[in-house]
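Comments concern the structure below.
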Amino acid sequence: MASRPLTLYEKIWNTHVVETRDDGTSILFIDRHLVHEVTSPQAFEALRMAGRKVRRPELTLAVPDHNLPTTARIDAQGKRLPIADPQSAAQLAALEANAPAFGIEYIDATAPAQGIVHVVGPEQGFSLPGTTIVCGDSHTAAHGGVGALAFGIGTSEVEHVLATQTLQLKRSKTMEVRVDGQLRPGVTSKDLILHIIGTIGTAGGTGHVIEYRGEVFEAMSVESRLTVCNMSIEGGARAGLIAPDETVFAYLKGRKYAPKGENWDRAVAWWKTLRTDEGATFDKSVRIDAATIEPCVTWGTSPEDVVPIGGTVPAPESFTDPAKQEAARKSLDYMGLTPGTPMREIPVENIFIGSCTNSRIEDLRAAAAVLRGKHKADGVKWAIVVPGSGLVKAQAEAEGLDRIFTEAGFEWREPGCSACLGMNPDKVPAGERCASTSNRNFVGRQGPGSRTHLVSPAMAAAAAVTGKLTDVRELVD
Amino acid sequence: MDKVTDIEGRAIPYGAKNVDTDVIIPAHWLKTISREGLGQGAFETVRAQDGNVFDDPELAGAPILIAGDNFGCGSSREHAAWALLDLGIKAVIAPSFSDIFSGNAFKNGILTVELPQEQVDRLLEVAQTDPVNIDLETQTVTTPFQDRFTFEVDPFRKHCLLQGLDEIGLTLERDTAITNYESRQARDMPWLAEGTRERAA
């Protein structure tokens, strides 16, 4: 008997329900759990105090990323260098001790596979289509790029997953973001997701899981899909996903934890069924024409504050919502911007290329293509590239990208979250601007008083060359 | 977890929209390995300004925070809930909350109360001078001026908050159901264990 047509989200959800109570709350099985040093110590401590063990330690992978300095981690003799900040050192030490104590595999801070959790998961084949993936970090949504239901959780939920390998959840509503047509040259997946957030707003996806649909996403590399899904949380959605296809299967095949042999064939056969059925309905639907999207940049302190690079700083009065007018006034005051100023006239002193949004090899290639044979402008005081993982870093070095960056005046760093959230020493000074490939332009996000303009890697590179926010299409043919 | 029933006292009239968890607790406070003491860093950038509501001596120890739309958006850091707890906040009233924040608040015994914007505006006005009462049992917010607003709350969350129940303990009671699921998954999706089995060894 044919059942009701289902969305991709509903299919993955249904497959993972252990049981559902009368009030609609389900116990949902979690297939993959990523753990990092910042949101886990209190969870392990609580397990210890309650005398609880980890139910399925082999389904969890631990790797430090948020807090690690991105300067050299080993000296010329191969000896590990100490971390100067005692609190950061203690947090790293806690993860190093907790992982083996609870039987969890740990990727060391100096291992080649170390990197940002959301880069490491897909890269190691740990993140698979149709799985449920969680991590104590809101950008876990990124793994939706391989067709997984992936979302961020708090530390109490980290503890819950460790102890039970499940979460108690209610099913989310479904939202379709459909983008038809093709992106124009010079417009990237980052511009697309910024445009989407600017369209739906930071609460547009609250309570929903977004499925990104349409030929634009089908044509995208896995790296670009990860970038799009990563920022679902900036649109308020806890998760965002794209139906897995041959592009994803080809990306995953042969990776360390990906299935092999007969299991691979069985997995692919099931993964191919992971598409929204014809006739399935979404609770909310947004349609966007790809051809209308320009390279984007943010002007304010919310990721919804997006304008095309050819646009100007908006006037607060241009918003209809009085609360948004007030928020815009505060944002402009914090950002030191005047309404009407062309975005392309805004000078930047700092450039950050990195973060779980944009630190994969494709991102570094795009930035290097703009920088090749060029040098950062005099006004740019600090420019860094922080690869998403040791493997991305090695690949970039094999392609000679590191030399393009350093010859352009960039610092070439060790993998980690870095200046995306200003937890480690990589911070943007107060009152200065940063063209950043990260995901949040919140007040103080990149350091107290820092002013963030979110852009794509190519746009960040273009800003480095000219010393101001720039339309990258003017720099490349 | 402490039981939540009746929350009565002054309410901090904050009211801002889209307050993200970086504002509630900036990242440099996240280096701790404990849940304690984060109140010191709560709303650090807001408190750097003179005359802010958080340092109003009349509101010291206020158990309620009133905020704007989409409160707690951004990072999943539970430190935001711990910081509010450390400030003495037992309930937050706002027109809407981010999904992750409301879950984190619930798991720490903080009640999140969603009310329409006009009712929140009224409470912001009352909070300037007078206390606010939240009764979880009857799901009502009242003021000394006969205001009476009812709110929705998930029945399971309500039950847990009223009883001070531990969610992990509740889930562990369903151990047989979880074990059965694991057996089904091992049979139907053997590939999920493949890469991980060797790591468990």
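Identify, by number, the condition in (1) closer than 30 Å to B:Ala94 by Cβ; (2) of a type in the set (A, V, I, L, M, F, W, C); (3) assigned by TED's automatic domain parsing to the domain that holds A:Gly115 that A:Ala290 doesn't meet.
Among (1) closer than 30 Å to B:Ala94 by Cβ; (2) of a type in the set (A, V, I, L, M, F, W, C); (3) assigned by TED's automatic domain parsing to the domain that holds A:Gly115, A:Ala290 violates only (1).
Does A:Thr39 satisfy being polar (S, T, N, Q), open to solvent by 30 Å² or more (accessible area, probe 1.4 Å), under 30 Å from A:Pro112 (Cα atoms) and assigned to a loop (DSSP other than H, G, I, E, B)?
No, not satisfied.
Which one of these is modelled with pLDDT of 95 or more, surrounded by 19 or more Cβ atoms within 10 Å (Cβ to Cβ), farther than 30 Å from A:Ala394 by Cα and of a type in the set (Gly, Ala, Ser): A:Gly300, A:Gly310?
The conditions single out A:Gly300.
So for the range A:390-397 (the condition being farther than 30 Å from A:Ala111 by Cβ and of a type outside the set (D, E, K, R)), does at least one residue qualify?
no
Suppose we filter A:Thr15, A:Thr7, A:Thr20 for residues that are open to solvent by less than 10 Å² (accessible area, probe 1.4 Å) and among the β-branched types (Val, Ile, Thr); which single one remains?
Details: A:Thr15 fails: open to solvent by less than 10 Å² (accessible area, probe 1.4 Å); A:Thr20 fails: open to solvent by less than 10 Å² (accessible area, probe 1.4 Å).
Every option except A:Thr7 fails the conditions.
For (1) surrounded by fewer than 23 Cβ atoms within 10 Å (Cβ to Cβ); (2) facing chain B (nearest Cβ under 8 Å); (3) acidic (Asp, Glu); (4) within 17 Å of A:His118 (Cβ to Cβ), each residue gets a yes or a no:
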| position | (1), (2), (3), (4) |
| --- | --- |
| A:His139 | no, no, no, yes |
| A:Gly144 | no, no, no, yes |
| A:Gly152 | no, yes, no, yes |
| A:Thr164 | no, yes, no, no |
| A:Arg171 | yes, no, no, no |
| A:Glu176 | yes, no, yes, no |
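Yes/no matrix, rows are residues, columns are (1) open to solvent by less than 10 Å² (accessible area, probe 1.4 Å); (2) at positive phi:
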residue	(1), (2)
A:Ile193	yes, no
A:Ile200	no, no
A:Ala219	no, no
A:Val222	yes, no
A:Asn230	yes, no
A:Ala243	no, no
A:Glu246	no, no
A:Tyr251	no, no
A:Gly254	no, yes
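Please verify whether the range B:45-59 includes one or more residues that are modelled with pLDDT under 95, within 8 Å of chain A (Cβ to nearest Cβ) and either over 13 Å from the mean Cα position of the chain (by Cα) or under 22 Å from B:Leu124 (Cβ atoms) (or both).
yes
Return the pair list, or none, for Cβ contacts closer than 6 Å from residues in the range B:148-174 that are more than 8 Å from chain A (Cβ to nearest Cβ) and within 16 Å of A:Ala163 (Cβ to Cβ) to residues that are hydrophobic (A, V, I, L, M, F, W, C) and open to solvent by less than 20 Å² (accessible area, probe 1.4 Å), at least 6 apart or on different chains.
Filtered contacts from the range B:148-174: no entries.
Does A:Ala366 satisfy being crowded, with 16+ Cβ neighbours inside 10 Å and either touching a residue at least 40 places away in the same chain (Cβ under 8 Å) or of a type outside the set (Val, Ile, Thr) (or both)?
yes
Kindly indicate whether A:Glu345 is over 24 Å from the mean Cα position of the chain (by Cα) and acidic (Asp, Glu). Walk me through it before giving the result.
Details: over 24 Å from the mean Cα position of the chain (by Cα): yes; acidic (Asp, Glu): yes.
Against the criterion (over 24 Å from the mean Cα position of the chain (by Cα) and acidic (Asp, Glu)), A:Glu345 qualifies.
Within the range A:430-470, how many residues are at negative phi and assigned to a loop (DSSP other than H, G, I, E, B)?
Looking only at that region, the number is 17.
Restricting attention to the range A:313-336, which residues are open to solvent by 20 Å² or more (accessible area, probe 1.4 Å) and in a loop (DSSP other than H, G, I, E, B)?
Initially, the range A:313-336 is screened for residues open to solvent by 20 Å² or more (accessible area, probe 1.4 Å), giving A:314-315, A:317-327, A:329-330, A:333-334, A:336.
Within the range A:313-336, A:Pro314, A:Ala315, A:Phe319, A:Thr320, A:Asp321, A:Gly336 qualify.
The values are calculated or read from the model by the stated rules, or taken from the named source; none is laboratory data. Bear in mind that the values here come from a model prediction, so they are computed numbers and not experimental data. Quick reminder, even Gly has a Cβ in these numbers, built from the backbone with ideal geometry, and neighbours come from all protein chains shown. Quick note on the areas: whole protein, heavy atoms, side chains included, nothing else; ligands and nucleic acids left out. Shrake-Rupley method; radii C 1.70, N 1.55, O 1.52, S 1.80 Å.
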